[in-house]
Every structure is written in structure tokens, then in C-alpha cells.
Amino acid sequence: MKEFEELVGVINSLRDPESGCPWDLKQTHASLIPNFIEELYECVEAIENNDLQHLKEELGDLLLHILMQCRIASEKDEFTLVDVMKKIKDKLINRHSHVFGNGYAKNAEGVKMNWERIKQQEKKHVRKSVIDGIPRTMPALIIAQRMQEKAASVGFDWDKVSPIIDKLDEEILEFKEAFQNKDKTAIQNEIGDILFTVVNISRKLGLDAETSLRQTIGKFEDRFHKIEEYHRENNEDITKSPLEKLDEIWNLAKKNDL
């Protein structure tokens, strides 16, 4: 593709030792990490906002980082862009045996199970556990869900959602007991157990816990902004409003009455 080759050419020019950009030449695999992560989250935000123009731009920024990492690696004879493309091509073919081989998958859930099993087979010499390989730099909700998915791929899973809901009730009771005993360590542990169980319910229902929480954060943000807007429009100090009034405005905002 002409445009792709031109983009690679631009990046090669930026990294040219003689005529390249001083900033780009200074970058390493590690130095680009903060920007790399930021671009990824900007892509996620564009998707969540259904902002396709923004997404188009952010995907370009993300592609820039991928190509820059490949360029830096090729300069050190570590690997090339071609190596990266071949690796992902082979991985996709191998893990989609139901498309490219003799494998079978009844539905999307079956595809995920096959993917995890094949991945475990590929990594058996470098990973001791089925749940290894999850980056701890990700948000905790994502880590929890991925860990549960990996465990489920070997059969460590509930058959239905209802027992997990019962488990949630059990964890809440344990939290209440810890709270009554004012045991701060136990309280923290039980909150973690509650969150982990909620993630498990979300996973079992085919939902993404991180997305659900981000949606709720968005709703909270929108409604709280309306509370602030109400006070500005009425020349009132929000810090002097009683909780009952704030809650009343919140409920109005929830009903879209503001």
C-alpha cells in the first residue's frame, strides 16, 4: 500500500542519523512508553464517545508508535517490521484453527476458549501457569477479568451466573462483619473480594467490567456537572448546600429534568 510505505519512509527519515529529528533520534523503546499508553487510551476514549473522526486520528498516532518501535528495533538488529507482521499473521492463523484448519468453534465463546487453549500450548515452555502473561500495568478490573477468562479456559468456572450472585451476597455479608468489627485490613480484603466477584458476574454475562465502570463514571460526571451548573445559575455556593438538596438535584439530573 502506497500510503503505508510513505508513512514508513517518513519515520525512517525522522530516525536518520544525519538529517533526522533530534527528538525522534533520542527516543528508545522505554522512553516512548508514556506516550504509547496515552495514545492507546485516547483511542479507547474516541471509541467510547463514538467519535470516528477522532478515532481515525488516534489510530494513526498509535500506528506511528508501532512503526517507531519497529524502526528502533531494526536499528539494533533486534527485529524488523516484517518480523512483526509475520509473527501476528502466523499467530492469527494458528489460533483460528476453525477458519484456517480443522478446528471447531460453535460460537464466539468457543472461539475464545480455543484461543486460550492454543495460546497455552504455544507458551507452555515459557509460562508455568495458565494465568501467567497478564500485564500488571493494566487497570485492575481488566486484569481480574482476563485472569478469570484464562482460568475458565481450563474448566475453573461456574456453570451459571446464579451461584456467582450467591457468592456476591456472601462477600457482602463478610464485608459487613468486617465493617462492624472495624477491622480495616479485613474491610479492604472484602472490598477486593466483592469487586472480583462483580467482575466475574460481568464476565459470565458476556460484558466487560472495565467498560461498565467507565460508563458509570461518565454518568456520575455528567450528573455532578449538572449539580454544579444549577448552583452557578442560581448564584449559590455548592459547598454550603446540604446533602439533601444536592441529592435532590442529583435525582432531577438523573431524570433529565435539568
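Points worth noting:
- Each peptide among 139-148, 98-107, 186-195 gets the average number of other Cβ atoms lying within 10 Å of its residues, and from highest to lowest they stand as 139-148, 186-195, 98-107.
- Modelled this way, with points 7 Å down the Cα-to-C-beta line, the labels at LYS56 and ARG117 are 4.2 nm from one another.
- Relative packing of 55-63, 11-19, which averages over residues the other C-beta atoms within 10 Å, highest first: 55-63, 11-19
- Alpha-carbon radius of gyration plus Dmax, which is the widest Cα pair, for the range 2-91 in Å: 14.2, 42
- Helix-only CD estimate at 222 nm, as mean residue ellipticity for the chain, using -39500 (n - 2.57) per DSSP H run (n ≥ 4): -23000 deg cm²/dmol
- Full extension of the segment from HIS225 to MET138, taken as 0.36 nm per residue of separation minus the current Cα-Cα distance, would add 28.5 nm.
- Note on the range 1-108: with charges restricted to the Cβ of Lys and Arg (+1) and Asp and Glu (-1), its dipole about the Cα centre is near 760 debye.
- Restricting the calculation to Cα atoms, the chain shows an Rg/Rh of 1.06 when the hydrodynamic-style radius is the Kirkwood one.
- Per residue, the convex hull spanned by the Cα atoms of the range 211-254 amounts to 66 cubic angstrom.
- Evaluated with a Cβ-only charge set (Lys, Arg +1; Asp, Glu -1), the chain carries a dipole of roughly 1320 debye about its Cα centre, given to the nearest 20.
- Scattering profile of the range 96-236 at q = 0.17, 0.18 Å⁻¹ [log10 I(q)/I(0), Debye over alpha-carbon scatterers]: -1.07, -1.14
- Dipole of the chain [Lys/Arg +1, Asp/Glu -1 at C-beta], most positive-end residue of THR80, SER13, TRP115: TRP115
- Modelled spin labels at SER13 and ASN181, positioned 7 Å past Cα toward Cβ, are 6.8 nm from each other.
- With the simple spin-label model, which puts each label point 7 Å out from Cα in the Cβ direction, the HIS125 to LEU40 separation comes to 2.7 nm.
A short reminder: the numbers here are calculations on the coordinates, not readings from a lab. Remember, predicted model here, so these are calculated numbers, not experimental data. Positions of Cβ are generated from backbone atoms using ideal geometry, with glycine treated the same way; all protein chains shown enter the neighbour counts.
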